[in-house]
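Have a look at the structure below, then the notes.
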Amino acid sequence: MSQKVRKAVFPVGGLGTRFLPATKAMPKEMLPVVDKPLIQYAVEEAREAGIEEFIFVTGRGKTIIEDHFDRSYELESVLNERSKEGLLAELHASVADAGTVAYIRQQEALGLGHAVWCAKRLVGNEPFAVILADDLILADTPCLAQMTAAREKAGGGNMLAVMEVPNAHTSRYGILSPGKEDGNLVEILGLVEKPEPAKAPSNLAVIGRYILEPKVFDILENQSRGAGNEIQLTDALSSLLGHDPFFGMKFDGTRFDCGDKIGFLEANIAFALNREDMRDDVKNFISKFARDF
Ligand code: G1P
């Protein structure tokens, strides 16, 4: 039987330059899709996959994320006085249970691989998930829960969420060299970070959900810089291939790249359309604006 995935790492140290000026003083992970910050979607997805411990790898200017998952007594007392039970319940949903959240700083933005390595001592010697909040996934069963179920069935190992992307976009992603397919699982023969389309081994891209065995920390420890002069998680995973079981999982759901302005707008529209309380109004104004512009 595979060991249960109990811990998730959320790398939130990035600068968010693609979203300036919005992210000058506010972390990109706090950008709301409809009415909830990206990072809360990520935490809720982890919780629904049975994650019990939440490890944030933060950086300067990110303390507001800690406040977000803390209690807000002032707000609570005002909402109590006004008998706003619905809002109080929503507020409670964002509060982490005592002792389940840890924050650790990545002092320098040296890349995703380095950010994950920073969580090494907090993760210890057990499998763990990594969630990139920029990748928001609308799905009936949350993506990470799909992955933990598939991994359990496969008997453990490393598992990465994957999807096909346009050939012209391979230089934005970790791209795999696929082997045999079994249902929605793809054997991974090779991994390369952000290849140009002409050099990409396929158009199957890694999306920001990973379940990893702790062995990756030993590789990350000595990982040299790769694409973009950063320490890349993809490079470390690539050197583990052939030693450990490694699967790509084609998940069910729609993924939005919320690190990109268009992707972020699409996510807002899709998540609003997905809500009964907003659907009709949103449909109406979209058709109105589409006509007027
Ligand atoms: C990171 C990873 C990349 C992956 C992508 C998914 O890139 O390095 O392999 O495909 O996330 O969103 P980033 O978007 O941080 O540049």
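Values computed for the structure shown
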{"read-out": "Segments 110-116, 150-156, 282-288, 172-178 sorted - mean Cβ within 10 Å per residue, highest first", "value": "110-116, 172-178, 150-156, 282-288"}
{"read-out": "Estimated vicinal HN-Hα couplings, Hz - the range 185-202 in sequence order (Karplus 6.51, -1.76, 1.60; Gly, Pro = x)", "value": "9, 10, 5, 9, 9, x, 9, 9, 8, 6, x, 5, x, 5, 9, 6, x, 6"}
{"read-out": "Anisotropy class of the range 161-293 from Cα gyration tensor, a/c 1.5 cut", "value": "prolate"}
{"read-out": "Nonlocal amide H pairs with ILE188, under 5 Å, H built at 1.01 Å", "value": "GLY179, PHE246, GLY248"}
{"read-out": "Cα-based helix-to-principal-axis angle, 261-273 vs the chain, degrees rounded to 10", "value": "60 degrees"}
{"read-out": "Subset of LYS180/LYS261; LYS120/LYS199; LYS261/LYS288; LYS7/LYS199; LYS24/LYS199; LYS199/LYS250 violating a 31 Å alpha-carbon distance limit", "value": "LYS180/LYS261; LYS120/LYS199; LYS7/LYS199; LYS24/LYS199"}
{"read-out": "Alpha-carbon radius of gyration plus Dmax, which is the widest Cα pair, for the chain in Å", "value": "19.5, 62"}
{"read-out": "Where the Cα pairs of the range 1-60 fall when distances are cut into 5 Å bins, in %", "value": "4, 17, 23, 21, 16, 9, 5, 3, 1, 0"}
{"read-out": "Using θ = phi - 60° and Karplus 6.51 cos²θ - 1.76 cosθ + 1.60, couplings along the range 131-138 (whole Hz; Gly, Pro as x)", "value": "10, 9, 5, 4, 8, 9, 10, 8"}
{"read-out": "Protection proxy ranking, peptides 91-104, 10-23, average beta carbon neighbours within 10 Å, highest first", "value": "10-23, 91-104"}
{"read-out": "Under Karplus coefficients 6.51, -1.76 and 1.60, residue-wise ³J(HN,Hα) of the range 25-37 in Hz, glycine/proline x", "value": "10, 10, x, 4, 5, 8, 4, x, 9, 6, 9, 9, x"}
{"read-out": "Simple spin-label estimate for ARG82 and GLU187 in nanometres, 7 Å along Cα-Cβ", "value": "6.0 nm"}
{"read-out": "Among 125-131, 270-276, the order from most to least packed when residues are scored by Cβ within 10 Å on average", "value": "125-131, 270-276"}
{"read-out": "Diffusion coefficient, µm² s⁻¹, Stokes-Einstein with Kirkwood Rh over alpha-carbon pairs of the range 80-192 at 37 °C and 0.692 mPa s", "value": "183 µm²/s"}
{"read-out": "Cα-derived Rg over Rh, computed across the range 11-164 with Rh taken as Kirkwood radius", "value": "0.98"}
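Throughout, read-outs are computed from the coordinates displayed, never taken from laboratory work. Everything numeric in this text was worked out from a predicted model, so none of it was measured. In this analysis, Cβ positions are derived from the backbone assuming ideal geometry, glycine residues included, and neighbour counts consider all displayed protein chains.
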